[in-house]
1. When the chain is fully extended, how far beyond the present Cα-Cα distance does Ala407 get from Ala58, taking 0.36 nm per residue of separation?
2. Would you list His298, His170, His103 from fewest to most Cβ contacts within 10 Å?
3. Amide H of Phe173: which non-local residues (sequence gap of 5 or more, or other chain) have their own amide H closer than 5 Å, using H built in the peptide plane?
4. By how many nm would the segment from Arg156 to Lys250 grow when fully extended, if each residue of separation counts as 0.36 nm and the alpha-carbon distance is taken off?
5. How many angstrom separate the Cα center of region 189-205 from the Cα center of region 102-176?
6. Output wanted: per-residue J couplings in Hz (rounded whole) for region 103-116, from phi through Karplus 6.51 cos²θ - 1.76 cosθ + 1.60, θ = phi - 60°, x for Gly and Pro.
7. If each residue's Cβ is checked for other Cβ atoms within 10 Å, how do Lys300, Lys413 rank with the fewest at the top?
8. Read phi for every residue in region 389-404 and hand back ³J(HN,Hα) as whole Hz from Karplus 6.51 cos²θ - 1.76 cosθ + 1.60, θ = phi - 60°, with x for Gly and Pro.
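Read-outs throughout are calculated quantities, based only on the coordinates presented, and are distinct from any laboratory measurement. A quick note: this is a predicted structure, and the numbers were derived from the prediction, not measured. With ideal geometry, Cβ positions are generated from the backbone for all residues, glycine too; neighbour counts draw on all protein chains shown.
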Amino acid sequence: DPRLPSCDCDGVLHMILDAYGQPIRQAELKEPQTARIARHARPWIDPALVKLTPREVAQRLAAADDGDLSAQHRLFADMEDRDATIAAAMQQRALAVARLPWHIEPPPGADAKEKKAAEAAEELIRAGIDALEDVLVDLMAAVGHGFAAVEIAWQRQGDAWLPDLYPRPHEWFGVSDDRRSLALLDDSGRGQGLRPFGWVLYQPRRPKAGYVARGGLYRALVWPFVYKAYAVGDFAEFLETYGLPFVVGKYGREATEEDKTRLLSAVASLAHDARAIMPLEMQLEIHKIAGSGDGAPHLKMIAWADEAIARCVLGQTLSSEAKSTGLGSGVADLHAQVRQDIRDADARQLAATLTRDLIWPVVALNFGLADPRRGPRLVFDTSEPEDVSTWAEALPKLVSIGLPVPARWAAEKLGIPAPEGDEPVLGAAAASAQTAQTAQTAALAAGDDAQRVTQNASTPPQPDALDALVEEALADWQPLVEPIAERMQAIVDEAVRDGATAAELIERLTRALPELPAERLAGQLARAQFVARVAGVEGRDG
């Protein structure tokens, strides 16, 4: 490929470096790093944990702090499989980012080559990676585990290098000797450093206290999960036995072990089958259960664990509050969203990772860019478009009183993109043309002359004597309006800086109306109205 740099004798691609300055070898691009590691060819899937005790949990966490991550991440995977609250909260947080619109933009002050590379990279990513949203969800697993690794397998299609993305299990990775970075476990047990341009490695949080193992939220969710598991088990056992009477068998002092065994068998048979046989001299007593059967202590423990999980992952617990307080759908609708600051932080960190580990390799290999600092970057659109109906009502009122509203600012507020080239747009002109055409069609249907209708529609009305009088009365209106417009423009600018909504802007303008210098303008308008009315009366009398 003439666009790609040449290779030296070691297969190093000249001028192509990763985001950390490491050179790229062409041979390493042709084969994924895990392809020749036997232990990953047929990965062993551990069964779900049958019985999890606090002692075993503590041992797994301690082993992770010592560098062995496998047991900890198997525990984390089991938590996702066994706890519906954890699975739902994590999926909700992942989808909040994955469904955001995204684009690739050039660096600030980009030249023509950098702009072209950004446009081509976005086109290539959108066309070449069909399941990018699924990959984003896989990468968001790093929120719980502390990291997520997606391997890149490069394929040549024509003149282009295209990435195929494969999520890899967390158990495939260990920590380096300094415990500050990840290594791919191999057959030797020592681990390998991750190849440049070979991985998308997402680590949303800095390793706590220098330990990679402590970076995920699952470290905080382990104990609520364990306590909830015990509470659920105890509650299930309680439901199994609640309502059944206690059956007590009595035997005499002379009873042998065989007699005791027969009596115990009779008690068990009576409890389950309501049938039993026993010697005549033995006795059975049946005691009826008295007391509440709501299982409140167990359910309180389960509710506490669910609230702790929701608070840790989503930042709030409004689902339980809406259920217990009977609040309306507004609370439930709010709970349906991840807290905006958490979502925006996830989007910002994930975009930085994708820019470093995916976008830069694509543009470096395909477009010959050499400086990672001047490469394009992926950006998620986290802005919330304003209520169009509110602005549609507010903007005409603001413009009608002389407020100079920039069209660009209004388009940004409403999330409306600027038209490109000669792209057709909706506007007042089109609406006016359609209205004129409708009027012309109606006139023709009524038998009017089409030529006269067209001429009347195209000829602007001529000013009469009344218009001249009003114009003369308002000859100096502009100096009167300027201080009012300047004051209102200052209010709008302040609202834009504060990020105020349309309703808040209207409220600010309403509060400022008594302070506006409108006395002279009102007097001038009154005189103009008086002149117009007098002229109208004289016209009728004449």
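1. Taking 0.36 nm per residue and subtracting the Cα distance, the gain is 119.6 nm.
2. Working: His298 20, His170 23, His103 13.
Result, fewest neighbours first: His103, His298, His170.
3. Hits under the 5 Å cutoff: Leu185.
4. Length difference between fully extended and current span is 25.5 nm.
5. Centre-to-centre distance over Cα atoms comes out at 14 Å.
6. Running phi through 6.51 cos²θ - 1.76 cosθ + 1.60 with θ = phi - 60° gives 8, 10, 10, x, x, x, x, 5, 8, 4, 5, 5, 5, 5 Hz.
7. Working: Lys300 11, Lys413 20.
Starting with the residue having the fewest Cβ neighbours, the order is Lys300, Lys413.
8. So the J values, rounded to whole Hz, are 5, 5, 5, 4, 7, 7, 4, x, 5, 5, 5, 5, 9, x, 6, x.
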